[in-house]
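First the structure, in the form of structure tokens, and then the observations on it.
The values are calculated or read from the model by the stated rules, or taken from the named source; none is laboratory data. Here the structure is a predicted model, which means the values were calculated and not measured. Cβ sites come from the backbone with ideal geometry, for glycine too, and all protein chains shown count toward neighbours.
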Amino acid sequence: MNDAWIGDVAASAWLVPILFALVVGDAFLVVLPSEAAVVALAALSTSTGSPSLVAIIPVAAAGAVVGDGLCYLIGRRIGLDRWHWQRTGRIGTAITRVRSAVHRRTAVLVFTARYVPFARIAVNLAAGAGRVPLRRYFPLSIAAGIAWAVFNVSIGAVVGELLGDSPLVAIAISVPTAIVLGLAVDRVLASLDARRASRLAGLADSAEAPPGPVTPP
């Protein structure tokens, strides 16, 4: 297959703005392939030289921060119960799980939720509705957005470097690789969260257990 045309696509001035829009939109619509877009452009960059990685990382991170910040503001203004989708389905389940923990585990939730689509929406809405102080939330959101952008760009860049002569093949391999790694991260985080919940439940049961009989001296 002749890949010469891919260089013209890679050099398009529209790619980076479209990436920003995708990442912002993905904060609300999990069907938008923002991770795949970041990975694909990183693979394209290292394969063809365009678009620049220097542009992809900050733009992806900025889109993540803006999207999550908008979710935070919606939660702060609207709350968690006004719309039907907030109370049902996977988003409703995720909101129920995080709304009571968002103050105690703000940093952990903001960082890990970036890799779990429905949790991302839930955490940011719950942070806003729970009035997590912006001076606490915003720096965490920035750090999480940068970490997420670097993670996905790194995957695309590594594959693109290995398959520099075949940019389309690099994209075709890097995107499924990122999806598999994302699912692995999701499973690990879910396992750790389940263990933590089980441990806390055990501690609560121990605290509520009545004391044993006192043996007279």
State which residue is farthest from Asn124 (Cα to Cα) when the search covers only the stretch 67-80 and only residues that are aliphatic (A, V, I, L, M) and surrounded by fewer than 17 Cβ atoms within 10 Å (Cβ to Cβ). Ile78
Got at least one residue in the stretch 178-185 being under 26 Å from the mean Cα position of the chain (by Cα), under 29 Å from Val110 (Cα atoms) and modelled with pLDDT of 75 or more? no
Would you mind stating whether Ile121 is at pLDDT below 75, part of a helix (DSSP H, G or I) and within 16 Å of Val30 (Cβ to Cβ)? no
